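Accompanying notes for the structure given below.
Derivation of every value follows stated rules applied to the coordinates shown; laboratory data play no part. In this text the structure is predicted, and so the values were computed from the model without any measurement. Here Cβ is always computed from backbone atoms with ideal geometry, including for glycine, and neighbour counts include all displayed protein chains.
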Amino acid sequence: MENKISENVEDLLAASQIYKFLSTCLLEPNKEALDLLNNKEYIEEVKSCLGQHGNGELSETFNELQEGLKNADVETLTQGYRDTFGGATVAMDCPPYEMYFSGSHIWQQTQDLSDISGFYKAYGLEMEDDQTSGRRWDHIAIELEFLHFMTYKLAYAIENHGEEEQESCLSGKKKFLTAHIGRWIHAFATSVSKKSPEAFYRHAAKLANSFVHIEMKKLNVDAEEIDEYQGNEPDYLQRLEGKSASACDSCMDEEEYA
């Protein structure tokens, strides 16, 4: 195989669980998500999964994240989320979308969006057209959920399929880390640490950044990383007729991407 499978199924399932947890933390909260994050059995399972990866830094950040959940309710976390990432408009100093971190030229944004969509479709995933949820395909939480899916799919392929399917899953995961989330997650976490008034989101972003980099190192993935977000608004927002510089985050759906 071109990409040697060195991880065992147990480690892959643990990593998949961590990605899913991180995705849940970085979506706008609701009661169901908060109930899950306050479920002691679930949190102990995530903690155990983290213990199989990385070092003490992950455990320390996870403990801090748990502290941030104490006495938190949906209203408090929702306000913290919107203060950090924006609500009806994207927070220009801390956006949760890859396109704000990628190249400022329209051709680069078009190419990146098409590439992300292509990854999802290639592995049988279709994004729902839901402009009210903020679940755009370049959202940090959606990209983390895709890695959850790919990591689980790789574990399943090892147990149930041949080398071709395993190679496809591993190659897709590595390419996605290289071309997308691995490029911007450090800059994203830095922005959250500077901007968010809510400790929970600062620790969630830090944990996501640390874990993704542990995965990249393990898989020998080297991404051309963005050091820090420069506050460049995507050109396609600027070009929308009648839209201001703080155009709403669903406006991208008014554009067509081939």
Once the other residues with Cβ under 13 Å from the Cβ of L22 are scored (Lys, Arg +1; Asp, Glu -1), what is the net sum? -1
15 Å beta-carbon shell around E224, net charge (K/R +1, D/E -1): -4
In square nanometres, what is one fourth of the surface area of the convex hull spanned by the alpha carbons of the stretch 9-231? 12.0 nm²
Each label point is 7 Å from the Cα along the Cα-to-Cβ direction; what then is the distance between the points at S193 and T78, in nm? 3.0 nm
Can you work out the Karplus-derived ³J(HN,Hα) for every residue in the stretch 209-224? Use 6.51 cos²θ - 1.76 cosθ + 1.60 with θ = phi - 60°, whole Hz, and x for glycine or proline. 4, 5, 5, 4, 6, 5, 5, 4, 5, 4, 8, 6, 9, 10, 9, 7
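How high is the relative contact order of the stretch 9-231, in percent, with contacts defined as C-alpha pairs under 8 Å that are six or more residues apart?
Numbers: 259 pairs, mean separation 71.8, N = 223.
It comes to 32 percent, rounded to a whole number.
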Counting only residues 5 or more places away or on other chains, whose amide H sits under 5 Å from the amide H of V90 once H atoms are built in the peptide plane? D249
Anchor K175: lysines whose Cα lies under 16 Å away (excluding residues fewer than 8 positions away in-chain): K4, K121, K153, K217, K218
